[in-house]
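Read the figures in this text as sums done on the coordinates, not as results from a lab. A quick note: this is a predicted structure, and the numbers were derived from the prediction, not measured. Neighbour counts are summed over all protein chains in view; Cβ atoms, including those assigned to glycine, are modelled from backbone coordinates with ideal geometry.
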Amino acid sequence: MEGAILVFVLFAGFALLVLVIIYNGHVNRRNAVDYAYSSIDVQLKKRWDLVPNLVNTVKSYANHERALFEEITTARQQARSVHDASAERFDHERELDDKLPRLIAVAESYPEIKADKQFLNLQRNLTEIEAQIAAARRAYNASVMDYNNGVDMFPSSIVAGMFGFSRRQHFEVSDGERVPQQVHV
């Protein structure tokens, strides 16, 4: 009888240890996703700060593009209004991603803008920020994939369900980014 109790206690202790290890793995992966998201957030805030200057510079040359300027301003405000890594936030960011190339295209159709030093500096900064956003998105998506694998795979999926760990959404490219960009020479 004592042997059976000892086996039961050892088994229960082992099961508890496995449960703790799996739980801690989920917490570790969740924290990695949150950290990666905050890296995206920092880069997006840099872009949000740059967009009004870019719009104002182009607007000073191309006043008749008012609808585009308003769309970009609205998209920027909507993206800033959502603070978590939700589908709504990602949708607003994709909408802004789709509109910025249109602004650059408008600017490129005006030789005076293309020669403006402030515009060239803003365009260079935007290009750098977009590259940083792309790198941060790759890191975020890799963290999300690792986290989602932990949530989906057996036996860790059992622990995930017990403690409320649920899948996270990837940050996907916008429809505008899927279309090859034309180069004007």
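At most 13 other Cβ atoms within 10 Å and a DSSP loop assignment: could you name the trypsin sites (Lys or Arg not before Pro) in the stretch 1-83 that fit?
Filter output for the stretch 1-83: empty list.
Can you pull the Rg over Rh of the stretch 2-120, Cα-only, Kirkwood?
Working: Rg = 25.7 Å, Rh = 18.1 Å.
Ratio value, two decimals: 1.42.
Among ALA67, ALA131, ALA32, which one shows the highest mean-square fluctuation when the chain is modelled as a Gaussian network with alpha-carbon springs under 10 Å?
In the Gaussian network model the winner is ALA67.
Let me have the 222 nm mean residue ellipticity of the chain computed from DSSP H runs of 4+ only, each contributing -39500 (n - 2.57), with the sum over all residues rounded to the nearest 500. Could the numbers behind the result be given before it?
Working: 7 runs with 149 residues, N = 185.
Mean residue ellipticity, 222 nm, calculated: -28000 deg cm²/dmol.
How large is ³J(HN,Hα), in whole Hz, for each residue of the stretch 133-140 in order, when computed from phi with the Karplus curve 6.51 cos²θ - 1.76 cosθ + 1.60 and θ = phi - 60°, using x for Gly and Pro?
5, 4, 5, 5, 5, 4, 5, 4
Step through the residues of the stretch 20-31 one at a time and calculate ³J(HN,Hα) from phi using the Karplus curve (6.51 cos²θ - 1.76 cosθ + 1.60, θ = phi - 60°), rounding each to whole Hz and writing x for Gly and Pro.
Result, rounded to whole Hz: 5, 5, 5, 4, 4, x, 4, 4, 4, 5, 4, 5.
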